[in-house]
Amino acid sequence: MKIKEAKVIVCSPGRNFVTLKIVTNEGVYGVGDATLNGREKAVVSYLEDYLCPALIGRDPQRIEDIWQFFYRGAYWRRGPVGMTAIAAIDTALWDIKAKLANMPLYQLLGGRSRDRIMVYSHANGATLEDTLEEVARHVEMGYKAVRVQCGIPGIGSTYGVAKGGKTYEPADADLPTEACWSTEKYLNYVPQLFEEMRKQFGDDLHILHDVHHRLTPIEAARLGKAVEPYHLFWLEDCVPAENQEAWKLIRQHTTTPLAVGEVFNSIHDCRELIQHQLIDYIRSTIVHAGGITQLRRIADLAALYHVRTGFHGATDLSPICMGAALHFDFWVPNFGIQEHMAHSEQMLEVFPHAFEFEKGYFTPGETPGHGVDIDEKLAAKYPYKRACLPVNRLEDGTLWNW
Ligand code: CS2
Ligand code: MG
């Protein structure tokens, strides 16, 4: 069997997505998500100009060898662009292999380790009241876990809060818009969000919160301690994690569970965090961390240190990534939780899928492969339009982490 075609499909049903389709000479094909929010065209070029030509004629069943060819064989290794391109190839090849075996991907990985996959949704609001109302709506829908983000008085636009009643989409302009941030205002205000959450929804609802890389370690330690009475499921990305060692300081001060990793693209980005048990959940997911082949290695390393998976699952990761992630979630023994920032109907129409949601849990479906496809004709109706993520400044104008 040989790879006959490797095609990149760019579409924008409400937001930009990049999809790789690999077709074999025996007609079986697989698809992979290659979306990197705000940098989509860089991955398109990495695939079209460099990796896809080298795929033609290869045996699609040699997943590991192809992964090594594009990873170890690339002199300039790692990085979000290259690893997203490799992830798309890897996901498409696992899709093909599962189709050839005529089984859902989770069976190929080792069978299911659970009956269903707990997910968390996103609830946000410009005010505390709006946020609590949104949480109530998600609890009504059956979610057992909700990520909460609310506006902070005195800060114009806060991360994770949708504008004008629309669903939250961070890539909101052709070129980066500038947001403003105040750590002081945030730290002084946000603990009451969780106090109100516990008052209104009791102790059983899992509460998650994304700090989105904005604190220093000692500030994160202060926040972690302040929210301990509200026993969050996790505090996410409280500090940028290039310096993995910095997380020791946070860990010394608080028992609030910590999650990190959606921006990681290699096992080396999280190796120390995991080995020194500085985190509780690893968020790296299939589309940005080199696909299933590398994610299995990360999950197995994490399992040695009581770290569980908590895959990133925002709308800027396509339904293909969600589908593949759910198969991984179904199998992986040290599963924690799966993010589910719901795609719109328009997006889901372009990506027919087998996964199903019921009362706060997902199942991946029994279709051979990862169960997600792309309707190329429909996709062609939604042309790409550049959209960049914002940048962030402190109130004095200092460029800060968005
Ligand atoms: C966020 C993401 O879902 C999350 O945890 O961190 O929405 C992130 O802001 C986007 O994926 C960036 O494109
Ligand atoms: Mg996040």
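To the nearest 10 degrees, how steep is helix 128-140 against the longest Cα principal axis of the chain, on a 0 to 90 scale?
The two axes meet at around 50 degrees.
Please report, to one decimal in angstroms, the Kirkwood hydrodynamic radius of segment 109-366 built from all distinct Cα-Cα pairs.
18.7 Å
Taking the Cα of Lys166, stepping 7 Å toward and past its beta carbon, and measuring to each backbone N in segment 1-30: which are under 14 Å?
Under cut-off, by backbone N: 13-16.
Give me, ordered by chain and number, the residues 5 or more places off Arg58 or on other chains with an amide H under 5 Å from its own placed amide H.
Close amide H contacts, sequence-distant or interchain: Ile3.
Dipole of segment 3-107, Cα-centred, from +1 at each Lys and Arg C-beta and -1 at each Asp and Glu C-beta, to the nearest 20 debye?
That gives a dipole near 180 debye.
With r as the distance between the Cβ atoms of Glu48 and His253 and R0 = 45 Å, compute the FRET efficiency 1/(1 + (r/R0)^6) and round to 0.05.
Here the calculated transfer efficiency is 0.40.
Quick one: compute the contact order of the chain, relative version, from alpha carbon pairs under 8 angstrom and 6+ residues apart, as a percent.
23 percent
Tell me the trypsin sites (Lys or Arg not before Pro) within segment 343-381 that lie in a loop according to DSSP and have at most 15 other beta-carbon atoms within 10 Å.
Listed in order of number, the matching sites are Lys359, Lys381.
Which percent, to the nearest 5, of DSSP beta bridges fully inside segment 1-149 are antiparallel?
The answer is about 70 percent antiparallel.
Contour minus end-to-end for Met141 and Leu304, with contour as 0.36 nm per residue of separation and end-to-end as the Cα-Cα distance?
Here the segment from Met141 to Leu304 would lengthen by 55.2 nm.
Work out how much length Thr177 to Arg271 would gain on full extension: take 0.36 nm times their residue separation and subtract the Cα-Cα distance, in nm to one decimal.
Full extension of this stretch gives 30.5 nm more.
At a 10 Å Cβ-Cβ cut-off, how would you order Ser157, Ser266, Ser284, fewest neighbours first?
Result, fewest neighbours first: Ser157, Ser266, Ser284.
For Val81, Val260, what's the fewest-to-most ordering of other Cβ within 10 Å of each Cβ?
Taking fewest neighbouring Cβ atoms as first place, the list is Val81, Val260.
Output wanted: per-residue J couplings in Hz (rounded whole) for segment 396-401, from phi through Karplus 6.51 cos²θ - 1.76 cosθ + 1.60, θ = phi - 60°, x for Gly and Pro.
Going residue by residue, I get 8, x, 4, 5, 10, 6 Hz, with x marking Gly and Pro.
How high is the relative contact order of segment 63-146, in percent, counting Cα pairs under 8 Å that sit 6 or more residues apart?
20 percent
Would you mind ranking Cys270, Cys150, Cys321, Cys388 by Cβ crowding within 10 Å, fewest neighbours first?
Cys388, Cys270, Cys150, Cys321
Go ahead and estimate [θ] at 222 nm for the chain from helices alone: -39,500 (n - 2.57) per DSSP H run with n ≥ 4, summed, over the residue count, rounded to 500.
-9500 deg cm²/dmol
In whole Hz, with x marking every Gly and Pro, tabulate ³J(HN,Hα) for segment 72-89 from phi via Karplus 6.51 cos²θ - 1.76 cosθ + 1.60, θ = phi - 60°.
5, x, 8, 4, 8, 7, 6, x, x, 5, x, 6, 6, 5, 5, 4, 5, 4
How high is the FRET efficiency between Lys385 and His231 when r is their beta carbon distance and R₀ equals 35 Å, given to the nearest 0.05?
Efficiency at R0 = 35 Å is approximately 0.25.
Skipping prolines and chain starts, which residues have an amide H placed within reach, meaning under 5 Å, of the one on Gly151, given they are 5 or more residues away or on another chain?
Result for Gly151 returns Gly125, Ala126, Thr127.
Angle between the Cα long axis of helix 217-226 and the longest principal axis of the chain, 0 to 90 degrees, nearest 10?
With rounding to tens, the tilt is 70 degrees.
Could you work out how far helix 291-304 tilts from the main Cα principal axis of the chain, as a 0 to 90 degree angle to the nearest 10?
Long axis of 291-304 versus the principal axis of the chain: about 50 degrees.
I'd like the antiparallel share, as a percent to the nearest 5, of DSSP beta bridges with both residues in the chain.
Just about 45 percent of them are antiparallel.
For segment 220-299, state which GluC sites (Glu not before Pro) are in a DSSP loop and have at most 12 other beta carbons lying within 10 Å of their beta carbon.
The qualifying sites are Glu242.
Give me, ordered by chain and number, the residues 5 or more places off His122 or on other chains with an amide H under 5 Å from its own placed amide H.
Counting only residues 5 or more places away or on other chains, the set is Arg147, Ala342.
Quick note: the coordinates plus some simple rules give every number you see, no bench work behind them. This is a predicted model, so every value here is computed, not measured. Every residue, glycine as well, gets a Cβ built from its backbone with ideal geometry; the counts of neighbours run over all protein chains shown.
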